[in-house]
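K.L.:
Below is a structure I'd like to ask you about.
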Amino acid sequence: MRLSGWFTGLWLGVLHALSAQPVLRIDPSFKESFLVGYMTRLDSSRALSATGLRLQFSHFRPVTESVVNYGSDPRHHYLRFTLYNSGPEPRRLILNLQQLFFEQANLFLYDPSGQSLVKEQYSSWRIPVARRPLPYRLHNFLIELPPRQTVTAVLHTRVSPRQRTSKALVGLYDEQAFLIYDANELLVQGLLYGSILLVFCFGLTFLITARQAIYGFYCLYTGSQLGYILNINGIFGQLSDQTGWLSDPVFGGVMALFSSAFHISFYLRFMHFEDFAPAWLWKLMNGLIIGTLLVASYMVLQPEQPLPFLLATSIVILYVCLLVGCLGWSIYHRRSEVRVIGLALTPMLLLWIYYLLSGRVLPVYRFLFVFAFYPVLVFEMITLGVSLVYRFNSDRQRIMAKLAEATQENTRQVMLAQEEERQQIAANLHDDLGGTLATLQREIAIQNERFGNQLLTALSMAQQATVDLRLIAHHLMPTIFSQKGLQIALQEAVELADRQSTARVLFVCSGAPRRLNPELEINAYRIVRELLTNALKHAQATRIVVQLIFYHEFLYTSVEDDGPGFSSLPHYTDARGIGLKNVRLRATYLQATLNIETNPSGTLITLEIPYDTSYSTHSHSVS
C-alpha cells in the first residue's frame, strides 16, 4: 500500500508540474516578449470580479497560438500569465494590446500567491485617450515588478459588438523599449499615412483634370481606406480629447464598406469590364456595389444597431468573389490590365493569407503583423496610380490624335475649298477675260495694219497680257501639275515674278527631280508662291532666290531675300500675318518643318517636306 501511495503521489506531482502556469522570467536583459507559451485562457458568458476570477484559475486552458483570436465571440475573455523578476532592481513593463475596439480591456494584478488583488486597470475604446491607464492610442497597461518577486496578471477583454471580429497581438515590453518602439511605430505610420494622403491628392488632381469616373473611384477608394486605417489605429482618438464618431468602430466599418465598394468599382472600370462582360453580369456587379453602399448608409443612420455578423461575413465573401470573378473573366478575355491588377494585389493577398495562418501554422513576425499592411496598401495604391498615369497619358494621346485627325481633315477641307475657288477663278479668267483679251488683240492687230504699224507697242502689250493671263490661269489650276510637275511650275512662277518685279528673282534647282504626290506638289507650290508674293510686296528686296532641292528623304525648298528683315519693317510683320498663317497651316498638313530666320541683312524661310508623308494624325514640328 505504501508503494502504491508513493507512486500515486508521484504521478499527481508530475501532472501538477505539467499543468502548472509557466512563468516568464524577466532578467535584466529583457526587452520584449509575445508571451508565447506563457498564457492560459478562460471564456465566460458573464463578467467575473477579481475574487471570482481568482477562483477560476484552475479552469484556464493553455493558449497554443501566439495571436489571440476572439473572432465574433461576444463573451468575456481572460488571459492569464505569470511574471518573475529575477533581477535585483524593480522593473516597469508595458503590456500592449494591438487592437483598439474592445468594449472592455482590463488588467488585474495579483500578489505572488495569486490570492490577493494588487492593482486593477480599466480601459475601453469609449474611454478618451487621456483617461486610459497609459495615454496611448491603443490599450497599454503598466506592470511594476518588485525585485525577485512574482506577479500574476489577468487581461480581461470583451469584443465590441460594433466591431464583431477581433484578432489581437499581445506584447510585453520593457518601458524604455516600448517608448522607442512606439515612437518608431508612429514615425513609420505617419510616413505611410502621408503617402496615402499624397496618393489621394494625386488622384484628386487627375480627377479635376480629366473628369472621368475612374479617377473619382480611385480617390474615393484611397480616401475611405485612409479613414479606415486611421480609425482602427486610434489616430482620431489620439487627436481629440473626446471619443467622437470618427473614433467609433461604426465609422471604421462604414469606411471598410465604402472602400470595398469603391475598390471593386475602380477595378471594373480600370479593366473596361463593361466592354466585354455580359450585360446581366455588369448589372449584377453594380447592383452588389450599390447594395454595399446601402448597408454602409444603414450603419451611418443606425450606429447603435450592430451589423449582423452573417451579413458582414456575406459582404466580405461577396467582395472577394466579385474581385476574383472579375479577374478570372478578364484573364479569360486576355485583358492586358490584369497584369497590373495582379501586380498590385499579389502582396496584399499573400499578407492576408499570412494573417489567417499566423500563430497557427506560421510564426508571428511583428513587422508583418503590425506594419506590413500599410506599405503593402501603399504599394497597391502607387501601382494603380502609376497605371492611371499611363492610362491618363494614353487617353490624352488618343484625344490629341483625334484632335489632330480632325484638324488635318479641317485643313484638307479648307485647302480643297481654296483649290476649288482657284479653279473657278482660273476658269473665269481663261474663258471670260481671256476671250476678251483675245478679241482686243485681234482688234489692235487690225487697226495696226490700217494705221501702218503705229500700234505695235499696244499690240505687243496686248499679246503679253494674254500670255501672262494664260500663265496665271494655269498656275491657279492644279491640273498644271499633272503635265509639268512642281519644278517646272515653280520655274514658270519665278520667271513671271522676275518679269513683273523690279527685283531680281532667281530660281535654283538641284538634286534628281522626281514626280511627287500631287497633293504634296500643289501644297508645296502654294507655300512657295505665298512666300514669294510676300517677299515681292513687303521685303523691299533687290534680289530674291527660290531654291528647290530634291534630297534622298525629303524635299527642301527656300525663299531668301536681301531685304532689311522683319524687325526693320513693322508693317511687314502685320501684313505677313495672314499669308504666313496659311503657310503654317499647309506646312502642318504636310508634316513639314518650317523655319524662319531674319536679320537686318535679309530673310531666309526654309521648308523641309518628307516624301513619305501620310497626312495622318501625327503631330508636326512647325517653328
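The values are calculated or read from the model by the stated rules, or taken from the named source; none is laboratory data. Note that this is a predicted model, so its numbers are computed, not measured. Each accessible area value is taken on the protein alone, full model and side chains, heavy atoms only, with ligands, DNA and RNA left out. Shrake-Rupley method; radii C 1.70, N 1.55, O 1.52, S 1.80 Å.
K.L.:
What do you reckon, how do Arg334, Arg158 stack up by accessible area (1.4 Å probe), largest on top?
P.N.:
Arg334, Arg158
K.L.:
A further question on this structure: Taking only Cα atoms, what is the 0 to 90° angle, nearest 10, from helix 175-210's long axis to the longest principal axis of the chain?
P.N.:
Between helix and principal axis, roughly 30 degrees.
K.L.:
Moving to a separate point now. Normalised by the residues of the chain, what does the relative contact order come to in percent, with Cα pairs under 8 Å and at least six apart?
P.N.:
Numbers: 907 pairs, mean separation 53.4, N = 623.
Over the chain, the number comes to 9 percent.
K.L.:
Keeping all protein chains in place, calculate the accessible area per residue for the chain (probe 1.4 angstrom), answer in Å².
P.N.:
So the chain comes to 51 Å² accessible per residue, rounded to a whole number.
K.L.:
Where does helix 485-500 land angle-wise versus the long Cα axis of the chain, in degrees 0 to 90, nearest 10?
P.N.:
60
K.L.:
So, taking all protein chains as they sit and a 1.4 Å probe, how much accessible area belongs to Met400, in Å² rounded to tens?
P.N.:
The accessible area comes out at roughly 90 Å².
K.L.:
Sorting Lys537, Lys31 by accessible area (1.4 Å probe), largest first, what list results?
P.N.:
Numbers: Lys537 150, Lys31 120 Å².
Sorted by accessible area, descending: Lys537, Lys31.
K.L.:
To test your reading of the geometry: what angle, between 0 and 90 degrees and rounded to tens, separates the Cα axis of helix 337-357 from the longest principal axis of the chain?
P.N.:
Helix 337-357 sits at roughly 10 degrees to that axis.
K.L.:
Provide the solvent-accessible area of His538, counting protein heavy atoms only and rolling a 1.4 Å probe, rounded to the nearest 10 Å².
P.N.:
Rounded to the nearest 10, that gives 40 Å².
K.L.:
Let me ask something else about it. Against the empirical 2.2 N^0.38 Å scaling, what ratio does the C-alpha Rg of the chain come to?
P.N.:
The chain yields a ratio of 1.75.
K.L.:
Please give the solvent-accessible surface of Val494 in Å², to the nearest 10, using a probe radius of 1.4 Å with every protein chain present.
P.N.:
Its heavy atoms expose roughly 10 Å² to the probe.
K.L.:
Now a separate question. Just how far, in whole angstrom, is the range 78-111 from the range 223-268 if you go by their alpha carbon centroids?
P.N.:
29
K.L.:
Could you sort Ile331, Ile488, Ile229 by their accessible area in this structure, using a 1.4 Å probe and putting the largest first?
P.N.:
Heavy-atom accessible area, descending, gives Ile331, Ile488, Ile229.
K.L.:
Moving on to the next point. Give the cross-link partners of Lys31 among the lysines, using a straight C-alpha distance below 30 Å as the criterion and excluding same-chain residues fewer than 8 apart.
P.N.:
Within reach: Lys119, Lys167.
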